[in-house]
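As structure tokens, the structure follows; a few thoughts come after it.
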Amino acid sequence: MRARRPADAELLDAARRAGKHAWAPYSGFKVGAALRCADGTVVPGCNVENASFGLTICAERAALARAVSEGKTAFTAIAVVGHGRRGRHLRPCGACRQVLAEFGDLDVLCEDRGFRLSDLLPETFRFRPRRSGRRPR
């Protein structure tokens, strides 16, 4: 667990705002995320459900994909907020934890507390390519 910081409230608010745009016609469970980039910018994302549930995009990965598509690959924190009483203790799913881990050990802010990503995913899968090229972080 990590202590709250003043900037955490702003990031959590950005995640709440993003969640209002979620597309959740099947579950009705809207989730918002906000990713803080190393340069201080905040990139929002929301979940986008699909009738074929496996194709649903989580809010965390939506924010990450948007940030990367804008050329941002260094991050310090992500806030994740679920709307309604079921969202109070929301945590990123395992797939989101693994995808986020590709970019480092971020702070993960939830409504009730904060974590280091490595606390939520202590055994991160790492792939080490044999050939030269861009190496994962």
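Of the residues Cys46, Cys93, which single one is out of contact with any Leu (no Cβ under 7 Å at 6 or more places or on another chain), within 23 Å of Thr124 (Cβ to Cβ) and not charged (D, E, K, R)?
Selected residue: Cys93, the only one of Cys46, Cys93 that is out of contact with any Leu (no Cβ under 7 Å at 6 or more places or on another chain), within 23 Å of Thr124 (Cβ to Cβ) and not charged (D, E, K, R).
Quickly run through region 102-119 and pick out the residues that are surrounded by fewer than 18 Cβ atoms within 10 Å (Cβ to Cβ) and without any contact (Cβ under 8 Å) to a residue 60 or more places away in the chain.
Listed by number, the residues that qualify are Glu102, Gly104, Asp105, Asp112, Ser118.
Conditions: (1) in contact with a strand residue (DSSP E or B) (Cβ under 6 Å, 6 or more places away or on another chain); (2) in a helix (DSSP H, G or I). Phe115 meets all but one. Number of the miss?
(2)
Checking Thr76 against (1) assigned to a loop (DSSP other than H, G, I, E, B); (2) in contact with an Asp or Glu (Cβ under 7 Å, 6 or more places away or on another chain), only one condition comes out false. Which one?
(1)
I'd like the full set of residues that are in a loop (DSSP other than H, G, I, E, B) and either surrounded by 15 or more Cβ atoms within 10 Å (Cβ to Cβ) or not small (Gly, Ala, Ser) (or both), limited to region 14-37.
Lys20, His21, Ala22, Ala24, Pro25, Tyr26, Phe29, Lys30
When both residues are 6+ apart or on different chains and their Cβ atoms are under 9 Å apart, which pairs have a first residue that lies in region 9-24 and is under 14 Å from Leu109 (Cβ atoms), and a second that is assigned to a helix (DSSP H, G or I) and hydrophobic (A, V, I, L, M, F, W, C)?
Pairs that qualify, where the first residue is under 14 Å from Leu109 (Cβ atoms) and the partner is assigned to a helix (DSSP H, G or I) and hydrophobic (A, V, I, L, M, F, W, C), are Ala15/Ala59; Ala15/Ala63; Ala18/Ala59; Ala18/Ala62; Ala18/Ala63; Gly19/Ala59.
Let's see how each residue does on (1) surrounded by fewer than 18 Cβ atoms within 10 Å (Cβ to Cβ); (2) of a type outside the set (Lys, Arg); (3) under 13 Å from Gly19 (Cβ atoms):
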site: Asp39; (1), (2), (3): yes, yes, no
site: Val43; (1), (2), (3): no, yes, no
site: Gly54; (1), (2), (3): yes, yes, no
site: Arg61; (1), (2), (3): no, no, no
site: Leu64; (1), (2), (3): no, yes, no
site: Ser69; (1), (2), (3): yes, yes, no
site: Val81; (1), (2), (3): no, yes, yes
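What number of residues within region 50-71 satisfy the criterion of being out of contact with any helix residue (DSSP H, G or I) (no Cβ under 9 Å at 6 or more places or on another chain) and part of a loop (DSSP other than H, G, I, E, B)?
Of the residues in that region, 6 qualify.
Looking at (1) outside any helix (DSSP H, G or I); (2) touching a Lys or Arg at 6+ places or on another chain (Cβ under 8 Å), find the lone condition where Leu11 falls short.
Looking at each condition in turn, Leu11 falls short on (1).
Quick note: the coordinates plus some simple rules give every number you see, no bench work behind them. Computed from a predicted structure; not experimentally measured. No Cβ is skipped: glycine too gets one built from the backbone with ideal geometry, and neighbour counts run over all protein chains shown.
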